[in-house]
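*Asks:* Take a look at the following structure, please.
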Amino acid sequence: MTHPMNDLFLIDLDQERTGYRRFITSWLYCGDGPTYVVDTGPANTAADLIDTLRGHGVDHLDYILLTHIHLDHAGAAGHVAAAFPEAKIVCWPKAATHLIDPSRLWAGSLQVLGETAEMFGEPLPIDETRMLHPDALAAHGITWLHTPGHAPHHMSFVHGDILYVGEAAGMTCPTTTGAPYMRPATPPRFFLDVALDSLDRLMKLDPMPSRFALAHYGYAENPITILAQSRRQLVLWMEILGGLRQELDVVEWSPAFQAAALARLAVSDPLFASFAELDEDLQTREHEYFRNTLEGMLGQLARTAQA
């Protein structure tokens, strides 16, 4: 399923697991200038993405832009590159080796994600000659920022009035009532200062793009508002979880801590209060990623306490 916005198309890459819909996306740009996709999704939906691109009349793809190389964002990059042999692949330069030879990426993903990695599927290698440094995009008016808050190799792209932010600003999700929902997308190894600095870099863009393309999930026309909300949410969650950690005298994640955190945040954070207004299957998925967020923040709190 695609959602058109004139020159920009959001392509859903739904998974078979419960709740993995309206979650993983790829962006297709086919307006003035080069034709490109931003993030390809996982390997297991590569055929769907390629068919959708062909359905949009894309017979030539100039670039595959990757905000980062996690399997749900770049797992299909090799498959799409094979289908469009003229396309150049752009990622954080130091991450390119993991696309040229994805064996370590795949092994590490299996170790960390387990069955989820198996669901996403194994990435294919990409020939080294296909890799392009992101600076080369400037000739087309596409610029990039290093935004490592979600991952050390995370990038964001600006093309005209469009800001592709990947997961630098957390994630959003549609609710049954239309109320906004937002959750930090913090990894298990999370550094608050790095995440805040990434958001600050994005908020200093001048001019600020008017269109906002998120990886998880959707399109908006108020980038500065969402960036500011994401920043405030990170700070708020760290404060709330820090207090809850001391109150319950815990160091590591546990189901009991997650339940307490969910209850506390639902009444303290208006953007997370709409968790209850997600469809049941989306709540199931969000519980899984809520744990990742908590583990990352607890790790940061533990390091701060030891300093």
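The values are calculated or read from the model by the stated rules, or taken from the named source; none is laboratory data. Because the structure is a prediction, the values reported are computed rather than measured. Here the Cβ positions follow ideal geometry from the backbone for every residue, glycine too, while neighbour counts run over all protein chains shown.
*Asks:* Just need a number here: residues in the range 279-297 that are surrounded by fewer than 20 Cβ atoms within 10 Å (Cβ to Cβ) and either at positive phi or not basic (Lys, Arg) (or both).
*Replies:* Number satisfying all stated conditions: 11.
*Asks:* Please work out which residue is nearest to the chain's Cα centre (by Cα), limiting yourself to the range 19-40 and to residues that are farther than 21 Å from GLY78 by Cα and of a type in the set (Gly, Ala, Ser).
*Replies:* GLY19
*Asks:* Here's a follow-up. Among the residues of the range 62-74, are any more than 29 Å from GLY108 (Cα to Cα) and either within 15 Å of the chain's Cα centre (by Cα) or modelled with pLDDT of 95 or more (or both)?
*Replies:* Yes: the range 62-74 contains one or more residues that are more than 29 Å from GLY108 (Cα to Cα) and either within 15 Å of the chain's Cα centre (by Cα) or modelled with pLDDT of 95 or more (or both).
*Asks:* Return the residue satisfying two criteria in turn: it lies in the range 13-32 and is in contact with a Gly (Cβ under 7 Å, 6 or more places away or on another chain) and not polar (S, T, N, Q), and of such residues it is modelled with the lowest pLDDT.
*Replies:* ILE24
*Asks:* Scan the range 217-225 and tell me whether some residue there is buried (at least 16 other Cβ atoms within 10 Å of the Cβ), modelled with pLDDT under 95 and in a loop (DSSP other than H, G, I, E, B).
*Replies:* The answer is yes, given that some residue of the range 217-225 is buried (at least 16 other Cβ atoms within 10 Å of the Cβ), modelled with pLDDT under 95 and in a loop (DSSP other than H, G, I, E, B).
*Asks:* Among the listed residues LEU202, LEU271, LEU192, which satisfies the condition of being in contact with a strand residue (DSSP E or B) (Cβ under 8 Å, 6 or more places away or on another chain), farther than 22 Å from THR175 by Cα, touching a residue at least 12 places away in the same chain (Cβ under 8 Å) and of a type in the set (A, V, I, L, M)? Outline the logic, then answer.
*Replies:* Numbers: LEU271 fails: farther than 22 Å from THR175 by Cα; LEU192 fails: in contact with a strand residue (DSSP E or B) (Cβ under 8 Å, 6 or more places away or on another chain).
Of the residues listed, the single one that is in contact with a strand residue (DSSP E or B) (Cβ under 8 Å, 6 or more places away or on another chain), farther than 22 Å from THR175 by Cα, touching a residue at least 12 places away in the same chain (Cβ under 8 Å) and of a type in the set (A, V, I, L, M) is LEU202.
*Asks:* Can you tell me which of GLN300, GLN258 is touching a helix residue (DSSP H, G or I) at 6+ places or on another chain (Cβ under 7 Å) and crowded, with 19+ Cβ neighbours inside 10 Å?
*Replies:* On the way: GLN258 fails: crowded, with 19+ Cβ neighbours inside 10 Å.
Among GLN300, GLN258, only GLN300 is touching a helix residue (DSSP H, G or I) at 6+ places or on another chain (Cβ under 7 Å) and crowded, with 19+ Cβ neighbours inside 10 Å.
*Asks:* Tell me whether the range 242-252 contains one or more residues that are out of contact with any Leu (no Cβ under 6 Å at 6 or more places or on another chain), at pLDDT 95 or above and surrounded by 15 or more Cβ atoms within 10 Å (Cβ to Cβ).
*Replies:* yes
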